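Report on the following structure.
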2 protein chains.
Amino acid sequence: MKEKVAIIGVGMCKFGELWERNLIDISLEAGMYAIFDAGVRGTDIDGMVIGNMSAGRFTGQEHLGAQAADIGGLGDLAAYSVEAACASGGAAVRQAYMAIKSGEHDVMLVIGSEKMSDVTQSEAMNTISVASDFEWEGMFGATFPALYAFMARRHMKEYGTTEEQLAKPTVKNHANAAHNEWAQFQRPVPIEVVMNSGLLADPLRVLHSAPITDGAAGLVICREELAKKYTDTPVYIESSEQRSDTLALHDRQSITTMNAVVSSTKAALNEAKLDLKDIDVFELHDSFSIGEIILTEDVGIAKKGEGGKALDEGITEIGGKFPVNTSGGLKARGHPIGATGVAQIVELALQLRGEADKRQVDGAEKGLAVNIGGTGATSVVHIIGR
Amino acid sequence: MKEKVAIIGVGMCKFGELWERNLIDISLEAGMYAIFDAGVRGTDIDGMVIGNMSAGRFTGQEHLGAQAADIGGLGDLAAYSVEAACASGGAAVRQAYMAIKSGEHDVMLVIGSEKMSDVTQSEAMNTISVASDFEWEGMFGATFPALYAFMARRHMKEYGTTEEQLAKPTVKNHANAAHNEWAQFQRPVPIEVVMNSGLLADPLRVLHSAPITDGAAGLVICREELAKKYTDTPVYIESSEQRSDTLALHDRQSITTMNAVVSSTKAALNEAKLDLKDIDVFELHDSFSIGEIILTEDVGIAKKGEGGKALDEGITEIGGKFPVNTSGGLKARGHPIGATGVAQIVELALQLRGEADKRQVDGAEKGLAVNIGGTGATSVVHIIGR
């Protein structure tokens, strides 16, 4: 009775500040690579969903679904976009998953994309802030670096997390991205450089923070029985869960845990009938390094308060027990908002297919991605298996 | 095997220029009325989808799903928004339909909403234009009134459609809205007034055009077997189809027909195993009066070119063979972009439940809604039955 959903194609464009390209251009590149990878024809695709947060503000174009179907030459199909702030990409993957499971669609193209560098930095920061509770946070200058700084400071106070530990996700993720040809920053960065980079919002520094990025990622997904027609290496979406929390950080009982991440991860493991120890590779939403530390705890890799210790022990490195952000994560792969959640699934699929080159986790069979919106008001969790 | 999806609750806020209210306020009013109407508890709802086009530009707040879940007190659930320009509402209904059919959700809240009057008229016009192919249309001043004027002029040339016929959808829809307490304009308007109203883009006049509106509409939908627990008068989504066409009007072979409407209507009738003559009541997207004329033809109520004649003959009036826009349509109920597609389904549900007061179509058993984006680049069609 239960329909399994397969991922049969993945694609990316190289993330970065892509001054010479526009949103539709990069979206189609990622989508077309996914289509080529899947070996499907355009006419096989009967639906498309785009994860995008704010093309209306960043680029002055909405109605992206119809635009991509049109310019991509995919013809007359269902095409639309989905928004859940920085979790727009993960939400788009989930929509496509439900579209297939519902029987309404056979083969879906998922594109996550965002073009952020065509506006000024201050305009970009304003637009990112509309993913917070703007009336109660952004309006008063509590931008995301400030909100995550509250979380970091509180985590340091409650659990003794150190500035050195705060720097470690960046060091790890840059080292991983050095082996990822699609990453925005493909070079390692020493811990001293991170710890001495400019302060954004004390204690958070520039190099604790994901960059402003242009980029797109794509997936082709379909029903299980169709998958074998197209590929010998399908991977499967074993579960998809999404939850929400208060939009404003100040409304939460604790600002050092993200309840929506806890509940969606638990639900996803439950649905896939897996324990955390069964998961071989993780993509966790590290828009700020404190985010990765908190998510490591909320997912269950480390006990609450011990995310810093897990970094000290190397547990989340490639070769460690629970490798996190083998792709380089948001910090080093880059964070084009709507693309991130899709790019996470691309990375997991490559890992499970054994195609992750020098960043490969040996024998990876199950992967888990957490894509969050805002300071955790939305959490989308996917478990991918082969 | 095939899962039916029931509509068990409907809600609206009164449409209009709601200066004193904000987007979340009107969204929650519509959603809460739908919840009360359904008789569900907030805790019964396990997912929410919001149809909205451009809150980021109109109101400076995105991440609407998490915000509505938070402020509405619905707790920890999957919440996100869907964008397909003026078809965002219809696309949201379709997402919820697939979410239920997929088995991932049991009871979904659908909200369509837009707050358009908090920006200047020119800013509103710019934002509406980002639903066109902005780089090739809006950028050159081809706003929607201009694009629809091309369609109207061509329709007049090809088929002899008259200025009097162009005015008739407005007269009919205002007469219908006089009996709809949620409509923005609850008064009839004589044909002379329509024909002498200010020119927007020759031959289209102000009173051929849907207004700028604030408003929200809500639905509660669930699996068939749950529906009977909550209500004695469920209606069912018998089919849901969505298609796309070129984003720019100038890329089409004909600008007097909307291919996506033709194909999605055909698919929806096919899926529901119905003929057009089985449909008792229609909601057709009349953002401009020429739009209603073209849709009347593309849906099959009139032959191509004879949409004007159908108006002359009264076929689309209440009491006629194929009543169109009993609610007042976009013209008179108002057109808060993301709300429209949801409000159409609210009207059909009321008609099928026999609760449409003085605008009731006697014995209505099946209803069909067409919600389009842009000049028809997206078309979403739903057939509702009891």
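Readers should treat all values here as calculations from the given coordinates under stated rules, not as data from a laboratory. All values derive from a computational prediction rather than experimental measurement. No Cβ is skipped: glycine too gets one built from the backbone with ideal geometry, and neighbour counts run over all protein chains shown.
A few notes on this one:
- Cβ-based charge dipole, chain B, positive-most Cα from B:G65, B:G341, B:A55: B:G341
- Most simply put, region A:243-386 has about 65% antiparallel DSSP beta bridges, counting only bridges with both residues inside it.
- For B:L200, the amide hydrogen comes within under 5 Å of the amide hydrogens of B:R205, B:V206, counting only partners 5 or more places away or on other chains and with H modelled in the peptide plane.
- What you get for chain A, charging only the Cβ of Lys and Arg (+1) and of Asp and Glu (-1), is a dipole of about 680 debye around the Cα centre.
- In region B:19-55, the chymotrypsin sites (Phe, Trp or Tyr not before Pro) that fall in loop regions by DSSP, at most 11 other Cβ within 10 Å: B:W19
- Volume of the convex hull of region B:249-354 (Cα atoms only), normalised per residue: 115 Å³.
- Over chain A, equivalent-ellipsoid semi-axes from the Cα gyration tensor in Å: 30, 23, 19
- Per DSSP, loop chymotrypsin sites (Phe, Trp or Tyr not before Pro) in region B:236-322 with at most 16 further Cβ within 10 Å: none
- A viscosity of 1.567 mPa s and a temperature of 4 °C, combined with the Kirkwood radius over C-alpha pairs in the Stokes-Einstein formula, give region B:238-280 a diffusion coefficient of 112 µm²/s.
- Relative contact order for chain B, counting Cα pairs under 8 Å that sit 6 or more residues apart, in percent: 26 percent
- 3J(HN,Hα) along region A:275-281: 9, 4, 5, 7, 8, 9, 8 Hz, from the Karplus curve 6.51 cos²θ - 1.76 cosθ + 1.60 with θ = phi - 60°, whole Hz, x for Gly and Pro.
- Separation of region B:291-323 and region A:54-78, taken as the distance between their Cα centroids, equals 31 angstrom.
- Each listed q (0.13, 0.15 Å⁻¹) maps to a log10 I(q)/I(0) for region B:172-248 from the Debye sum over equal C-alpha point scatterers, namely -0.74, -0.87.
- P(r) histogram, all alpha-carbon pairs of region A:1-82 included - 10 Å bins from 0, percent: 16, 48, 29, 6, 1
- Positive dipole terminus of region A:120-215, leading residue within A:T120, A:N173, A:W136 (C-beta point charges): A:N173
- Residue and whole-Å distance for the chain A Cβ lying nearest the axis of the A-onto-B rotation are A:S102, 2.
- Charge-dipole axis of the protein assembly as shown as Lys and Arg at +1 and Asp and Glu at -1 on Cβ define it, positive-most pick from A:I383, B:H208, A:A216: A:I383
- Amide hydrogen proximity for B:V5: with H placed 1.01 Å from N in the peptide plane, the residues at 5 or more positions away or on another chain lying under 5 Å are B:I237.
- Cα-only radius of gyration and Dmax that characterise region A:45-98, units Å: 11.0, 29
- Here, region A:286-340 has an Rg and a Dmax of 11.2, 32 Å when only alpha carbons are counted.
- Summed over all non-identical Cα pairs, the Kirkwood treatment of region B:75-164 gives a radius of 16.3 Å.
- Share antiparallel - DSSP beta bridges, chain A, percent rounded to 5: 70 percent
- Its Cα centre serving as origin, region A:278-386 has a Cβ charge dipole (Lys and Arg +1, Asp and Glu -1) of approximately 160 debye.
- Peptide A:122-131, shielding by other chains (average Cβ, 10 Å cutoff): 2
- Restricting attention to the protein assembly as shown, close to 70% of DSSP beta bridges with both partner residues there are antiparallel.
- Annotation note: GluC sites (Glu not before Pro) in region A:174-283 located in DSSP loop regions with a Cβ neighbour count of at most 15 within 10 Å are A:E181.
- Based on the Kirkwood approach, the hydrodynamic radius assigned to region A:316-386 is 12.5 Å, with every pair of different Cα atoms included.
- Rh by Kirkwood over Cα pairs, then Stokes-Einstein D for region A:112-210 at 0.692 mPa s and 37 °C, µm²/s: 218 µm²/s
- Exercise: per-residue mean of other protein chain Cβ atoms within 10 Å, B:70-78: 5
- Computed about its Cα centre, the charge dipole of region A:196-346 is approximately 80 debye, with only Lys, Arg, Asp and Glu carrying charge at their Cβ.
- Per the Debye calculation on the protein assembly as shown with a single equal scatterer at every Cα and no solvent contribution, log₁₀ I(q)/I(0) for q = 0.07 Å⁻¹ amounts to -0.45.
- Placing one equal scatterer on every Cα of region A:47-204 and applying the Debye formula, the log10 ratio I(q)/I(0) at q = 0.12 Å⁻¹ is -0.74.
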